[in-house]
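Structure record follows, encoded as structure tokens.
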Amino acid sequence: MQRSGLAAGLRTLSLIYLVSVSAFGVAIALNSNAQWALPVQQAVRVATPYVQSAADTVNEKAVKPAFAWVARAEQQVRDYANPPKPVIAGTPAPQKKVAAVKKPALRPAIVTEPPKQQVAALPPKPLEIAPEETPPAPLVPAPDASPPGPGEVARVLSHLKVSLTKDLYENFGLFLYVSKAEHGPWSQRMFVFRKEESGDLNLLYSFPVSTGREVLMAGPSGRMYRTSTTPGYYQIDPDRTYRRYHSSQWDHAMPYAMFFNWEHDGLQTGLAIHAADGTDIALLGTRASAGCVRLHPQNAQLLFNLVRKNYRGLAPRFAYDRSTATMANDGLLMHDKDGKLKFAEGYKVLVLIENNGGADVIAALF
């Protein structure tokens, strides 16, 4: 149907074209033959009203409908070439594009907080500085129930000076006088004297001690041992000082032990100054040890620190008897071939142990 309508429109346009071309041809002919012009003009005047009417009729009945039909035909052709897309159920119909309307820029909303409750201003917090490490409190002697009076101290000092040779006095800086006596004002006590720069000896401490029982006793293994504290002059062994030590022979703790540097019959002896342990603390002031010199733990620590901190250095060596492999403990010092003293690295501390209670001078010889 569309094709037949198109053909009819084309035929109408062709007819109009032919009429126009024919009229144009007649006009050209008349212009070239003047003898025909007058009759034709008269004919045109008579025919013009009829031609005008016919032209209007053709325009209304043919030309306008033809142009309208052609416009419809073109639309149909376009619709045929671009058919509308099928609408699927549930799919929203396409919306017509609407010119975008420029929205005014939104200003940021102003957020207001509720007024805060007024708080009184606090003073600024001081800077926290890490506290410096607190130094340990200085050690002090343990309480002493019966310290010796000044008169007894003077007697001990006088006796000590008489017992020291010139070389011993000059080459040591700390002197420990120990009484192993069972009775007397000096008995079972240690007197610690320090030599000042002036050369004088001043008492630092007076400690109650426990020396050997002076009897044979069975050790943990059942073997019998002597428990005597041998009198004599001794030095501290620089290689045998221990904050913690345990005796394998007696299975007993020996805190703050300072062993004597004394070799006897080829063997290094086990005599030492150390702290009493456990129930032995209550026995201080009596003969209660296996041969060592025991001190209250507080006093043992104090003396241990004093010796190790202040008296390390060169000390004269005691004489040595090669035939018996025994070191002298009677105060005899070693000299070279030129008669000069021999020194060794150690502690400038001299220990003198006597069986002298201060009441019987003769007892000190035994």
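Any read-out appearing in this document is the output of simple, stated calculations on the displayed coordinates, not a laboratory observation. The model shown is predicted, which means the values in this text are computed figures rather than measured ones. Positions of Cβ are backbone-derived with ideal geometry, glycine not excepted, and every protein chain shown enters the neighbour counts.
About the centre of its Cα atoms, segment 262-366 shows a dipole size close to 460 debye [charges on the beta carbon of Lys, Arg (+1) and Asp, Glu (-1) only; nearest 20 debye]. On the basis of the beta-carbon distance and an R0 of 35 Å, residue 155 and residue 225 show a calculated FRET efficiency of 0.55. Estimated at 0.36 nm per residue, the fully extended path between residue 215 and residue 253 surpasses their Cα-Cα distance by 11.6 nm. With the simple model of a label 7 Å out from the Cα in the direction of the Cβ, residue 197 to residue 170 spans 2.1 nm. Extent along the principal axes, Cα only, for segment 150-365: 51, 44, 36 Å, with the longest axis given first.
Output the peptides 284-294, 229-239, 245-255 sorted from most to least packed, where packing is the average of other Cβ atoms within 10 Å over each peptide's residues. Mind dumping the intermediate values first?
Values: 284-294: 21.8, 229-239: 19.5, 245-255: 15.8.
Going from most to least packed, we get 284-294, 229-239, 245-255.
Run the numbers for residue 330 and residue 286: contour at 0.36 nm per residue of separation, minus the present Cα-Cα distance, in nm.
Working: separation 44, 0.36 × 44 = 15.84 nm, distance 2.52 nm.
Net length gain for the segment: 13.3 nm.
Label-to-label distance, residue 139 versus residue 243, with points set 7 angstrom from Cα along the beta-carbon direction: 1.1 nm.
Under 16 Å from a label point 7 Å along Cα→Cβ of residue 322: give me every residue in segment 250-272 with its amide N that close. Answer for this model: 266.
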